[in-house]
């Protein structure tokens with residue numbers, strides 16, 4: 001979608017980051033509403049940005065963890081269509097999770113939970129490696145060459 005010009009274009013990079021971040025949070029919100037929204041009386045930003053919501057001691061916490069991992073898998077698909085280059089997948093994935101860390105710090109302070117760090121590390125690894133795999137698979141696809149023969 002955005003791949004094309006060889007010239008370094010910072011506005012395109014910023015647009016890709018913003019699109020990827022928005023799609024990631026949209027997907028995360030959908031998964032949270034399906035998995036967590038049925039378990040709690042009121043869904044709030046706590047489940048998005050508070051490190052205390054990521055806990056392995058409750059069923060709701062496991063639903064939030066599952067939402068994170070499923071969003072990372074969907075993020076790999078977004079990398080395939082937005083970024084389109086395997087060598088850029090790790091950069092954009094890391095940028096997404098760094099921005100998420102900064103938002104979490106602003107919202108609820110420094111994440112003091114080991115579970116938060118493990119889940120976000122797994123999410124980063126899944127998104128980057130799966131995105132690279134999908135992009136490499138597309139890049140190595142054979143280009144069909146059709147030959148036309150004249151009727152001579």
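Just checking, does region 7-16 include any residue being under 19 Å from residue 130 (Cβ atoms) and touching a residue at least 60 places away in the same chain (Cβ under 8 Å)? Reasoning before the result, please.
Taking region 7-16 as the starting set, the residues that turn out to be under 19 Å from residue 130 (Cβ atoms) are 16.
Filter again for touching a residue at least 60 places away in the same chain (Cβ under 8 Å), leaving 16.
Looking through region 7-16, at least one residue is under 19 Å from residue 130 (Cβ atoms) and touching a residue at least 60 places away in the same chain (Cβ under 8 Å).
If the condition is being modelled with pLDDT of 90 or more and surrounded by 15 or more Cβ atoms within 10 Å (Cβ to Cβ), then region 29-45 contributes 29, 30, 31, 32, 35, 36. Looking at region 110-121, which of the residues that are farther than 15 Å from residue 24 by Cβ and in contact (Cβ under 8 Å) with a residue 24 or more places away in the chain is surrounded by the most Cβ atoms within 10 Å (Cβ to Cβ)? Across region 110-121, the extreme among qualifying residues is 116.
Which condition number in (1) without any contact (Cβ under 8 Å) to a residue 12 or more places away in the chain; (2) in contact with a helix residue (DSSP H, G or I) (Cβ under 7 Å, 6 or more places away or on another chain); (3) under 16 Å from residue 100 (Cβ atoms); (4) surrounded by fewer than 20 Cβ atoms within 10 Å (Cβ to Cβ) is the one that residue 22 fails? All conditions pass for residue 22, except number (2). Of the residues in region 60-71, not one is free of Cβ contacts under 8 Å to residues at least 12 places away in the same chain, surrounded by fewer than 18 Cβ atoms within 10 Å (Cβ to Cβ) and not in a helix (DSSP H, G or I).
Just wondering, is there one or more residues in region 85-108 that are modelled with pLDDT under 95, outside any helix (DSSP H, G or I) and within 30 Å of residue 138 (Cα to Cα)? Yes.
Quick check: is even one residue across region 135-143 modelled with pLDDT under 95 and either within 29 Å of residue 56 (Cα to Cα) or surrounded by 14 or more Cβ atoms within 10 Å (Cβ to Cβ) (or both)?
If we filter region 135-143 for residues that are modelled with pLDDT under 95, which is where we start, we get 135-143.
This time we only want the ones that are either within 29 Å of residue 56 (Cα to Cα) or surrounded by 14 or more Cβ atoms within 10 Å (Cβ to Cβ) (or both), so: 135-136.
Among the residues of region 135-143, at least one is modelled with pLDDT under 95 and either within 29 Å of residue 56 (Cα to Cα) or surrounded by 14 or more Cβ atoms within 10 Å (Cβ to Cβ) (or both), which makes the answer yes.
The values are calculated or read from the model by the stated rules, or taken from the named source; none is laboratory data. None of the values given here were measured: they were computed from a predicted structure. Every residue, glycine as well, gets a Cβ built from its backbone with ideal geometry; the counts of neighbours run over all protein chains shown.
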